[in-house]
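> Let me give you the structure first, and then I'll get to my questions.
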Amino acid sequence: MQEIHAVVAGAGIWGCTLARRLAEKGMKVLVVESRPVVGGNVRCEIDPETGIEIHLYGSHIFHTHNDKVWSFVRRFVEFNGYQHKVMAHFKGKTYFLPLGLSLINKFFNTELKPCEIAAFMKDENNSKAIFDAFFRGYTSKQWGRDPESIDPSIIRRVPVRENYDVNYFNDYNQGIPLSGYNSLFERLLDHPNISLECGRAYRIGDFPGTKVYYSGPVDKLFNYKLGELPWRSLKFETETLDISDYQGTSVINYPDISVPYTRIHEFKHYHPECKDTMTMAKTIIMREFPAAWKNGDEPYYPISDKSSQELSGKYLEEAAKIPNLVVGGRLGGYKYLDMDQAMAAALELEI
Ligand SMILES: Cc1cc2nc3c(=O)[nH]c(=O)nc-3n(C[C@H](O)[C@H](O)[C@H](O)COP(=O)(O)OP(=O)(O)OC[C@H]3O[C@@H](n4cnc5c(N)ncnc54)[C@H](O)[C@@H]3O)c2cc1C
């Protein structure tokens with residue numbers, strides 16, 4: 001076996017970015033990934049029948065304000081300029097999120113001007129009506145909590161746009177890779193100094209004396225000896241339909257508590273540049289159902305409260321005591337990270 005200077009355990013966006021940096025510094029890097037494929041939770045699959053790119057772990061839109069990330073990622077893929085918009089379907093009507101002039105004027109059947117929004121939303125009746133329609137049920141389903149336990153004061157922390165900007169993210173750089181997400185990971189790892197072993201899970205004690213960068217779950221690394229970190233999970237149901245366009249956009253949220261899913265994704269809308277796919281008489285939708293998590297399920301969202309933060313802090317302290325081990329990424333750090341944040345963390349890490 002050739003000499004290895006560093007091991008990267010986990011081929012998600014954090015691990016692949018790091019592997020590329022290490023390789024470009026002249027180090028021989030072995031990437032080990034427990035799944036059979038690379039990409040982590042950004043992994044996609046091209047549907048063989050329609051050619052539509054399915055985001056296996058829920059819709060992923062690359063968006064960033066970070067210029068360093070934006071120039072790094074574009075060395076590997078070109079983006080299609082897709083700008084993310086999210087709709088919400090409530091009681092037979094469809095609204096543009098986020099909370100702004102479009103949603104408020106349609107919901108209250110009024111024609112407020114930008115300068116009137118702040119005062120309008122200060123009225124508790126108005127803010128409560130918005131909260132009950134668009135936030136209470138959604139939050140309750142997402143986190144598996146009784147709707148009545150959701151504190152209406154969260155509405156005060158939801159930013160209100162005093163304009164008709166319906167772009168979901170504020171980031172000016174956005175898009176989906178023209179060549180698909182999987183190509184990003186394949187190209188990041190396409191370097192003569194990088195070798196890849198899929199289907200291998202790193203455990204403490206593997207590769208003695210070699211520096212290891214690990215982005216799997218931090219509690220699992222220690223065999224849960226201090227307890228399990230809690231997560232929220234998701235289940236997805238995918239369906240191919242014999243129509244050209246199911247919902248006219250990529251994501252519609254369903255905040256109503258009586259609807260069991262939270263969102264429907266329709267993937268063809270992420271690639272408006274693929275004219276043949278857009279016009280063909282088939283589409284693929286995916287319903288997203290929030291789910292309780294138990295060990296063995298896919299972890300999606302950390303349930304971040306005081307006790308879980310304390311527990312993850314203890315695990316990270318344990319990890320810091322192990323020579324040659326660096327823990328990071330969303331599972332390692334036990335924190336929600338957008339793709340650009342995971343990439344930024346890997347770009348900024350001292351190596
Ligand atoms: C539903 C949902 C939607 C999202 N949408 C967006 C979005 O629109 N835009 C955005 O920017 N971000 C989005 N994100 C966040 C995005 O998924 C994360 O930023 C990204 O996955 C983080 O990458 P990572 O490398 O840290 O972790 P991961 O992608 O989880 O990669 C970790 C890898 O480590 C592997 N692994 C685990 N244990 C081991 C082990 N012992 N040995 C070897 N390998 C191991 C895993 O199999 C996995 O491949 C979304 C997240 C969720 C949950």
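> Among the residues of the range 323-346, count how many are within 14 Å of the ligand (Cβ to nearest atom) and under 25 Å from D206 (Cα atoms).
Adding up the residues that qualify gives 13.
> Please verify whether V77 is in the same structural domain as D206 (by TED's automatic domain parsing), assigned to a loop (DSSP other than H, G, I, E, B) and surrounded by 20 or more Cβ atoms within 10 Å (Cβ to Cβ), treating the condition exactly as stated.
Values: in the same structural domain as D206 (by TED's automatic domain parsing): yes; assigned to a loop (DSSP other than H, G, I, E, B): yes; surrounded by 20 or more Cβ atoms within 10 Å (Cβ to Cβ): yes.
Here the answer is yes, as V77 does meet what is asked.
> Quickly run through the range 39-59 and pick out the residues that are buried (at least 20 other Cβ atoms within 10 Å of the Cβ), near the ligand (Cβ under 7 Å from one of its atoms) and on the phi < 0 side of the Ramachandran plot.
V42
> Let me ask something else. So Y164 clears everything in (1) farther than 30 Å from F236 by Cβ; (2) crowded, with 19+ Cβ neighbours inside 10 Å except one condition, right? Which one?
(2)
> Look through the range 212-227, keep the residues that are charged (D, E, K, R) and within 15 Å of the ligand (Cβ to nearest atom), and return whichever of them is nearest to E33 (Cα to Cα). First the steps, then the outcome.
Here is the first cut: in the range 212-227, the ones charged (D, E, K, R) are 219-220, 225.
Now narrow it down to the ones that are within 15 Å of the ligand (Cβ to nearest atom): 219-220.
Values: D219: 17, K220: 15 Å.
Looking at the filtered set, the residue picked out is K220.
> What is the one condition in (1) in the same structural domain as K28 (by TED's automatic domain parsing); (2) in contact with a His (Cβ under 6 Å, 6 or more places away or on another chain) that Y254 does not satisfy?
Every condition holds for Y254 apart from (1).
> Any residue at all in the range 289-297 that's of a type in the set (D, E, K, R) and either buried (at least 18 other Cβ atoms within 10 Å of the Cβ) or assigned by TED's automatic domain parsing to the domain that holds L56 (or both)? Lay out the reasoning, then the answer.
Step one: list which residues in the range 289-297 are of a type in the set (D, E, K, R), which gives 294, 297.
Those left that are additionally either buried (at least 18 other Cβ atoms within 10 Å of the Cβ) or assigned by TED's automatic domain parsing to the domain that holds L56 (or both): none.
No, there is no match, as no residue in the range 289-297 is of a type in the set (D, E, K, R) and either buried (at least 18 other Cβ atoms within 10 Å of the Cβ) or assigned by TED's automatic domain parsing to the domain that holds L56 (or both).
> While we're on this one: Looking only at the range 111-158, which residues are touching a Gly at 6+ places or on another chain (Cβ under 9 Å) and farther than 19 Å from T262 by Cα?
Correct list: I117 only.
> Also, quick follow-up: Going by the structure shown, is E298 acidic (D, E) and within 23 Å of the chain's Cα centre (by Cα)? Working first, answer last.
Numbers: acidic (D, E): yes; within 23 Å of the chain's Cα centre (by Cα): yes.
It is true that E298 is acidic (D, E) and within 23 Å of the chain's Cα centre (by Cα).
> Could I ask something else about it? Here is a check on your reading of the model: is F131 touching a residue at least 12 places away in the same chain (Cβ under 8 Å), more than 19 Å from S59 (Cβ to Cβ), out of contact with any Cys (no Cβ under 7 Å at 6 or more places or on another chain) and crowded, with 19+ Cβ neighbours inside 10 Å?
Here the answer is yes, as F131 does meet what is asked.
> Hey, another quick one. When you scan the range 17-64 for strands (runs of 3 or more DSSP E) that lie fully inside it, which ones turn up with 2 or more residues that are in contact (Cβ under 8 Å) with a residue 60 or more places away in the chain, more than 12 Å from M339 (Cβ to Cβ) and touching a helix residue (DSSP H, G or I) at 6+ places or on another chain (Cβ under 9 Å)?
Hits in the range 17-64: 29-33, 44-46, 53-55.
> Based on this model, can you work out whether I351 counts as part of a loop (DSSP other than H, G, I, E, B), away from the ligand (no atom under 11 Å from the Cβ) and out of contact with any helix residue (DSSP H, G or I) (no Cβ under 7 Å at 6 or more places or on another chain)?
Criteria not met by I351.
> In the range 301-336, which residues are under 22 Å from the mean Cα position of the chain (by Cα), surrounded by fewer than 19 Cβ atoms within 10 Å (Cβ to Cβ) and not in a helix (DSSP H, G or I)?
Y301, I303, S304, D305, K335, Y336
> If E273 meets every condition in (1) surrounded by 14 or more Cβ atoms within 10 Å (Cβ to Cβ); (2) farther than 30 Å from F134 by Cα apart from one, which number is that one?
For E273, the failing item is (1).
> Now for a different question. Would you tally the residues in the range 237-255 being surrounded by fewer than 17 Cβ atoms within 10 Å (Cβ to Cβ) and not β-branched (V, I, T)?
Number satisfying all stated conditions: 9.
> With the checklist (1) in contact (Cβ under 8 Å) with a residue 24 or more places away in the chain; (2) within 21 Å of the chain's Cα centre (by Cα) in hand, flag the one item A118 doesn't pass.
Exception for A118: condition (2).
The values are calculated or read from the model by the stated rules, or taken from the named source; none is laboratory data. No experiment lies behind these values; they were computed from the predicted model shown. Because the Cβ atoms are built from the backbone with ideal geometry, glycine has one as well, and the counts that use them run over all protein chains shown.
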